[in-house]
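Remarks on the structure that follows.
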Amino acid sequence: MMEIAVYGAGMVATSVYHAIKTLYPDCEITSFVVSEREGNPVEINGIPVLSLDEFCNSEKRPDITILVAAPENHHDTITKELFRKRLKNYICMDSAREATLMQYYYKKTGRFLILLSCGRKREKKGNISLHVYMAKSCWDMPLKKPWKQPKWLCQIQAGAALTEWHIADIRDNVGDNISEKNGNYSELTALYWIWKNRGNQGQEHDYFGLFHYRRILDIAEEDVCRIGENEVDVILPYPTVCFPSIHEHHKRYVKSNDWMAMVSALEELEPEYAKSMSKIFSGSYFYNYNILVARKEIFNEFCAWLFPILRRTEELSIPKGWERADRYIGYLGESLTTLYFMYHEHDFKIAHTGRLLLT
């Protein structure tokens, strides 16, 4: 039996843990390792969460393979620390490896439709027009690796109202916009702009979507054909697996008062969704990152549902949303995206693909 330690205790780590447990039952995950204990759980599913120093003092640590399953932008710091501790037996789970692992996991469980499993059809229904925006920030660091941008993807500067720098031809501070709220809404100010200035304006496109900063959905040109030929309604990233539930997971990112403000807004504006919230958020599958591609009609309906709830949440929050800039609305947007598409799981044909991080 192979022994493994998982470096991390967040969404990436718990997703990797569940996938390995399902796909490789002969592997034993002995511990989760974190840089510091503060802010992390004591255990995950009965497996101890150890600080790096505690792990180094354990008897088995020289023989254990370490899977670095933390956000990819932290990998350099983590691996340097592992090397300093003379721990050289590690594998970094970058976004491509993570996506492949989750693809196999969901293929085996059969829980969610995988975009790659949508076969090509002999009788083609014609090409679709895909128009996706990629939110960019003036604070973005240059990419270290070359990346070929698809022809159906264009860049939009998010939070353009908050800076004099112009880094993209399209900016979210023109037309109907909430660009000045970027400090709280993050990439959702770009989503709002797309909805109000493109999705609702009779544009000749079948699908609209949003990627952001460095996170993109793994959609190749071949996959664009799959989307049209299989009449896919929505493309979302593979869900991350939260521990022990979405409801508990959100406590690490959102204050209790802000969460309750969102709940109150839902009960007031969308009571049917509020009734389903407890069941959906007691589950483990979570659509994070606020990235999606959807058929134009569904894209518009989703945005028309989402933004009034977020606006009302701002009004109910203490302090009010316009009195702060801590990205809490962006985090709540992930939870509401999960609620909306889990609620419509059987109404829409939702396909899933990997979420890649450009570096």
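Each Cα pair under 8 Å and six or more residues apart adds its separation to the average, and for the chain the resulting relative contact order is 20 percent. Counting only DSSP beta bridges with both residues in the chain, the antiparallel share comes to about 30 percent. Rounded to the nearest 500, the helix-only mean residue ellipticity at 222 nm of the chain stands at -11000 deg cm²/dmol, with each DSSP H run of n ≥ 4 adding -39,500 (n - 2.57). Accessible area ranking (1.4 Å probe, heavy atoms, ligands and nucleic acids excluded), largest first, for Met1, Met93: Met1, Met93. Ordered by solvent-accessible area of protein heavy atoms (1.4 Å probe), largest first, the residues Ser282, Ser58, Ser179 come out as Ser282, Ser58, Ser179. Taking Lys and Arg as +1 and Asp and Glu as -1, the other residues whose beta-carbon sits under 15 Å from that of Ile298 total -3.
Using only alpha-carbon positions in region 51-156, the gyration tensor eigenvalues give semi-axes of 38, 23, 10 Å once each is multiplied by 5 and square-rooted (largest first).
The alpha-carbon of Lys144 sits under 17 angstrom from the alpha-carbons of these aspartates and glutamates, leaving out residues fewer than 8 places away in its chain: Glu72, Asp76, Asp94. Straight-line cross-link partners of Lys21 among the aspartates and glutamates, defined as a Cα under 15 Å from its Cα and at least 8 positions apart when in the same chain: Glu3, Glu98. Measuring nothing but protein heavy atoms, the accessible surface of the chain at 1.4 Å probe radius is 49 percent carbon and sulfur. The overall shape of the chain, judged from the alpha-carbon gyration tensor, is prolate: a/c is not under 1.5, and a/b is greater than b/c.
The values are calculated or read from the model by the stated rules, or taken from the named source; none is laboratory data. Everything numeric here is computed off the predicted structure, so don't read it as measured data. Positions of Cβ are backbone-derived with ideal geometry, glycine not excepted, and every protein chain shown enters the neighbour counts. Areas reflect the complete protein model, heavy atoms only, side chains present, ligands, DNA and RNA absent. Shrake-Rupley method; radii C 1.70, N 1.55, O 1.52, S 1.80 Å.
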